[in-house]
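Asker: Following this message is one structure expressed as structure tokens.
Values quoted throughout were computed directly from the atomic coordinates according to the rules given, and no laboratory measurement underlies them. These figures come from a predicted structure and were not determined experimentally. Cβ: placed from backbone, ideal geometry, glycine included. Neighbour counts: every protein chain shown.
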Amino acid sequence: MQIADRAANLNRWRRKSLAEKATLALGMLLLVLVLPPLPAAPMAAAIMTLAALAGARVPAKIWLAFAAAPLGFLLPGAAMLTVQIDSGGVAWAPGGITVAAGLAARSVAGLTCLLFLMLTTPVTDLVAGMRRLGLPVEIAEIALLTYRFLFLLADTAMAMDAAQAARLGHDGFKRRLRSLGVLAANLLPRAMDRARRLETGLAARGWEGEMRVLPQQSKLSVPGLILILAVEAATATIGVLFS
């Protein structure tokens, strides 16, 4: 999470308008869901990957690291659609390769859209944008507090792991496994204690139930928005004509 948050705040498109980035990511995601998967999904995946790596200058190492885990679930799942098991045993499923290819293409394209939005836009900007669209204040506050609590969990786990390592708790597989169990058993109580202290600190400073943040105010670029809509229109046209 810290890596994703750092990438979202330090990328080249950090100061681009949220409307532009959301239009690009969510528009492409909509095209991937509505249009036939081939060739629209590979085109959308290529466009979103280029936008993130070449446009926003998100490091390729970070992009691949976040894409690796979802792809690890996706590809074996899609491969299972190519076979069928019945009373005659295991055989190739009729049309299974086509279905698997379409599912994989759609999933990969959708993943690139969400990764682009995640790695180029901080959470505070996303929540502020949703509030401007009418998201209730209570839900926005819960989202921000949950996001903060996840960082508390990560910081607490890292501190406990470092303390165990300093006491030779990582010396050997058995001791490392025991240390991991102790960490898992004590992580939530310690994190909850830090969260309670955070709440007490906020109350002492006059917190009234609303966390005010200063999101990046970026001016909407009309030429940039027109270019995004043109790219999406071209993708839709090619996806319909060559499907």
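Asker: Arrange the following residues from fewest to most other Cβ atoms within 10 Å of their Cβ: Val34, Val182, Val58.
Answerer: By the 10 Å Cβ count, ascending, the order reads Val34, Val182, Val58.
Asker: Which whole number of Å³ per residue matches the convex hull of the alpha-carbon atoms in the chain?
Answerer: For the chain, the hull spanned by Cα atoms encloses 197 Å³ per residue.
Asker: Under 25 Å from the Cα of Lys21, which lysines turn up, not counting those fewer than eight places away in the same chain?
Answerer: Lys61, Lys219
Asker: Taking the beta-carbon count within 10 Å as an exposure proxy, list Leu133, Leu31 from fewest neighbours to most.
Answerer: Leu133, Leu31
Asker: Between Leu135 and Asn9, what FRET efficiency follows from the Cβ-Cβ distance if R0 is 30 Å, with the result rounded to 0.05?
Answerer: About 0.85, to the nearest 0.05.
Asker: Now, a different point. Specify the residue with the greatest mean-square fluctuation among Pro39, Pro122, Pro189, computed from a Gaussian network of the chain linking alpha-carbon atoms under 10 Å apart.
Answerer: Fluctuation is largest for Pro189.
Asker: I would also like to ask the following. So which DSSP H runs in the chain come out at 20 Å plus along the axis (Cα) with average Kyte-Doolittle of at least -0.5?
Answerer: 18-34, 60-80, 96-120, 137-166, 173-204, 222-241
Asker: Quick one: net charge around Gly169, please, counting Lys, Arg +1 and Asp, Glu -1 for every other residue with C-beta under 13 Å from its C-beta.
Answerer: Here the charged neighbours net out to +3.
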